[in-house]
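Enquirer: Please find one structure pasted underneath; my questions will follow.
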């Protein structure tokens, strides 16, 4: 069974960039095969990784309904029911790269469709997980995918915050939500991202302690990330000279042991 690493945090903290760095770190240490799952409907993990995604699960579902006539039995190939036909079509949502594969959940239009895409994501992950050594999930802040069983139980949960007091409070609520839901990963750590220096202010340290968070470490602000993003370059491919990459990989080594 794959080891499951989930990265969670509110928007704007650099969560997805760190998730992309983690996937590249695993690949660079020959920990393939890796399945990356973009389970945040508002995320852009594919851009961070430099992957052109043909379609998300949500978009494929819409195409099936609108273009393939899912409600018309005559348009479904013989020997298949509607559910089997949809699962067959969903296979095209897997983007296969040299070092990892990627599934992007996305969302669909219309009332109630988001829950249905959750079901589709669950079916695809359950079908594929046995083929991978690591499953890395860019998760949404609400942890719904984990609590509903959409995604398998986590081995590691990395909580990402910026270096503000409000940011620490927000990620503290995510950690408490995980506890309230009975989510108990073997390891749950905090990464403070985009810090002005590697040393946090005393007030931030106090807030981390108040929230009951276990600080793994700090990743400093890096202008190279801004430059890569502005130029449309995948931020997961930052050079070794990047101070953010150096710091992040040091934390990954500490928590993963390689």
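Enquirer: May I ask for the Rg/Rh ratio of segment 146-258, computed from Cα atoms with Rh as the Kirkwood radius, given to two decimals? Walk me through the numbers before you get to the answer.
Expert: Numbers: Rg = 15.2 Å, Rh = 15.3 Å.
So for segment 146-258, dividing Rg by the Kirkwood Rh gives 1.00.
Enquirer: Next up: As an exercise, use a Förster radius of 25 Å and the Cβ-Cβ distance of residue 206 and residue 155 to find the FRET efficiency, rounded to the nearest 0.05.
Expert: 0.25
Enquirer: Points 7 angstrom from Cα along the Cβ direction at residue 3 and residue 133: gap in nanometres?
Expert: Here the modelled spin labels are 1.0 nm apart.
Enquirer: Taking 35 Å as R0, compute the FRET efficiency from the Cβ-Cβ separation of residue 173 and residue 30 and round it to 0.05.
Expert: Here the calculated transfer efficiency is 0.40.
Enquirer: Additional query: How much of the calculated P(r) for segment 198-258 lies past 14 Å, in percent of all Cα pairs?
Expert: On the way: 1181 of 1830 pairs.
The share of Cα pairs beyond 14 Å in segment 198-258 comes to 65 percent.
Enquirer: Now a separate question. I'd like the distance separating the alpha-carbon centroids of segment 28-46 and segment 174-234, in whole Å.
Expert: 19
Enquirer: Can you give the extra length, in nm with one decimal, that the chain gains between residue 89 and residue 41 once fully stretched, where that is 0.36 nm per residue apart less the Cα-Cα distance?
Expert: Gain on extension, residue 89 to residue 41, equals 15.3 nm.
Enquirer: With N denoting the number of residues in segment 4-61, provide Rg(C-alpha) divided by 2.2 N^0.38 Å, to two decimal places.
Expert: Details: Rg = 12.0 Å, N = 58, 2.2 N^0.38 = 10.3 Å.
Rounded to two decimals, the normalised Rg is 1.16.
Enquirer: Only residues of segment 233-258 count here: report those whose backbone N is under 12 Å from the spot 7 Å along Cα→Cβ of residue 187, or say none.
Expert: What the label zone holds, given the 12 Å backbone N cut-off, is 250-258.
Bear in mind these aren't lab numbers, they're just calculated from the coordinates by the rules spelled out. Bear in mind that the values here come from a model prediction, so they are computed numbers and not experimental data. Note that we place each Cβ from the backbone using ideal geometry, even for glycine, and neighbour counts take in every protein chain shown.
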